Amino acid sequence: MKKSLVALAIALSAVLAPSEVQAKEWTLQDCINYALQNNITLQKNRISRLSAEEDVKQSQAALLPSLSASTSQNVAYNPWPQQGSYTIAGSKVQTQVDKVYYNGSYGINANWTVWNGNRNTNQIKLNKLTAEQASLDSAQTANSLQEQITQLFVQILYSQEAVKVNEATLKTSKTNEERGKEFVKVGNMSKADLAQLTAQRAQDEYSVVQAQSAVNDYKRQLKQLLQITDEETFDVVASSPTDAMALAAIPSVTTVYDSALNTRPEIKNAMLGIKSSDVQIKLAKGQRMPTIGLTASIGTNTTTMSSNNWSQQMKNNLIGSAGVTVSIPIFDQRQTKTAVNKAILSRQNYELDLRDKQTSLYSTIENYWLQAYNNQAQYKSAKVSTQSAQESYDLLQEQFKQNLKNVIELMNGKDALLKAQQAELQAKYLTILNIDMLNFYKNGSIK
């Protein structure tokens with residue numbers, strides 16, 4: 001019985017004991033998808049796009065006639081009416097004059113702008129271009145967001161690898177320290193040399209802490225970019241980068257730039273700005289043209305000063321009308337000429353903006369290419385350096401075991417190995433990142 005109770009207690013404690021929290025692992029695509037749905041700047045851009053689409057619908061509706069109904073109900077009080085006078089009620093003259101009387105009027109009015117120098121149709125074109133530009137603003141923000149996420153994601157992966165390198169170095173330092181203690185015991189090493197090994201081990205422990213702190217800071221930056229504010233444990237996961245990825249062919253600057261000119265939203269946006277300026281010029285010139293409109297109305301009225309009943313008054317007083325209005329601008333205090341000139345200047349500004357964005361795009365692509373080329377060359381060299389440093393350090397360790405090398409030589413060898421490993425690791429990740437960025441600018445996708 002006791003054994004059963006003990007077994008039950010152990011089982012319950014195992015179930016009820018707090019388990020280690022498993023961090024949610026985010027892939028690069030998870031981060032991008034989440035950011036595209038939740039980033040506040042993107043959401044604001046979507047709202048701006050929807051607002052621009054509403055402007056398009058409103059300008060399209062402006063081509064249709066407008067129709068409105070109106071009514072007015074009035075009570076009047078005339079305490080000393082003049083005998084034999086007449087009162088206008090609606091469109092009728094009433095011979096009866098009361099001290100207190102009531103008037104009611106009812107009407108339906110329609111207006112339609114038939115032609116206004118094509119300003120209405122050009123306004124539709126302008127609003128459509130504005131909606132397209134708002135959509136491209138969202139695409140531009142999305143691209144920038146993906147670029148920043150990728151850079152931070154790769155930085156986290158690199159920093160995590162750096163932690164592993166520092167931990168391996170720390171493990172070696174601890175081994176050397178323990179071996180040094182044994183040498184001191186047998187009199188093959190001085191305590192001063194052992195103190196150096198201990199100091200090196202402490203320094204390596206601090207390096208691990210620093211490396212882990214860097215990882216945590218990059219994770220914090222990525223969480224901020226993703227708009228994540230909860231305290232859930234955050235971690236990233238990706239397939240291990242291979243030598244083939246770092247040694248992949250680097251696309252040329254010209255190839256990437258030519259492709260980016262046709263796909264990047266910031267370039268399309270600047271080109272749309274030029275088109276919208278052309279439409280604005282037409283809109284401004286349209287102010288010189290006459291405006292032709294049609295109007296129609298139907299109305300009636302009632303009053304208490306009539307002896308007829310309400311329905312009879314509505315029928316007798318019913319009046320319909322229709323007409324054509326023509327407005328011809330003659331002198332507008334230079335408003336039209338100023339509007340045309342400002343639209344032309346706006347077009348010139350958009351042309352300069354397009355050239356500036358093309359230059360900036362080329363510079364960005366060229367920078368990624370230079371970084372990829374230099375880091376790839378550095379990676380090839382670093383691999384050889386790491387292999388040489390590892391062989392040298394292995395030999396130093398064997399000689400140190402045999403008391404053929406002193407502590408200073410061993411520590412120098414370890415430092416050289418650590419620097420070579422860090423240089424290789426950094427060059428590898430930076431090469432992969434810059435090649436991915438070039439492909440992103442080329443085809444718009446990130447792997």
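When residues of region 408-424 are filtered for being closer than 18 Å to LYS380 by Cβ and open to solvent by 20 Å² or more (accessible area, probe 1.4 Å), how many remain?
Counting residues in region 408-424 that are closer than 18 Å to LYS380 by Cβ and open to solvent by 20 Å² or more (accessible area, probe 1.4 Å) gives 5.
If you scan region 399-447, which residues turn out to be part of a helix (DSSP H, G or I), in contact (Cβ under 8 Å) with a residue 60 or more places away in the chain, among the polar types (S, T, N, Q) and out of contact with any Ser or Thr (no Cβ under 6 Å at 6 or more places or on another chain)?
Within region 399-447, GLN422, GLN426, THR431, ASN434, ASN439, ASN443 meet the criteria.
Inside region 395-447, can you point out the residues that are more than 30 Å from LEU28 (Cβ to Cβ) and small (Gly, Ala, Ser)?
If the condition is that a residue be more than 30 Å from LEU28 (Cβ to Cβ) and small (Gly, Ala, Ser), then GLY413, ALA416 are the ones that fit.
Is it the case, given these coordinates, that ASN127 is over 30 Å from ASN74 (Cβ atoms) and modelled with pLDDT of 95 or more?
Criteria met by ASN127.
Just to be sure, is LYS171 basic (Lys, Arg), at pLDDT below 95 and farther than 21 Å from ALA238 by Cβ?
It is true that LYS171 is basic (Lys, Arg), at pLDDT below 95 and farther than 21 Å from ALA238 by Cβ.
State which residue is farthest from the chain's Cα centre (by Cα) when the search covers only region 16-31 and only residues that are among the polar types (S, T, N, Q) and at pLDDT below 85.
Of region 16-31, the ones among the polar types (S, T, N, Q) are 19, 22, 27, 29.
Narrowing the set further to residues that are at pLDDT below 85 leaves 19, 22.
Working: SER19: 38, GLN22: 30 Å.
Ranking the qualifying residues of region 16-31, first place goes to SER19.
Looking at (1) in a helix (DSSP H, G or I); (2) open to solvent by 20 Å² or more (accessible area, probe 1.4 Å), which one does SER138 not meet, given that it meets all the others?
(2)
Within region 372-407, take every residue that is of a type in the set (D, E, K, R) and closer than 30 Å to VAL256 by Cβ and give me the one that is surrounded by the fewest Cβ atoms within 10 Å (Cβ to Cβ).
That would be LYS380.
The values are calculated or read from the model by the stated rules, or taken from the named source; none is laboratory data. Every value quoted in this text rests on a predicted model; they were computed, and no experiment measured them. Heads up, the Cβs are rebuilt from the backbone with ideal geometry, glycines too, and the neighbour counts pull from every protein chain shown. When the accessible area is computed, the model is the full protein with side chains, heavy atoms only, and any ligands, DNA or RNA have been set aside. Shrake-Rupley method; radii C 1.70, N 1.55, O 1.52, S 1.80 Å.
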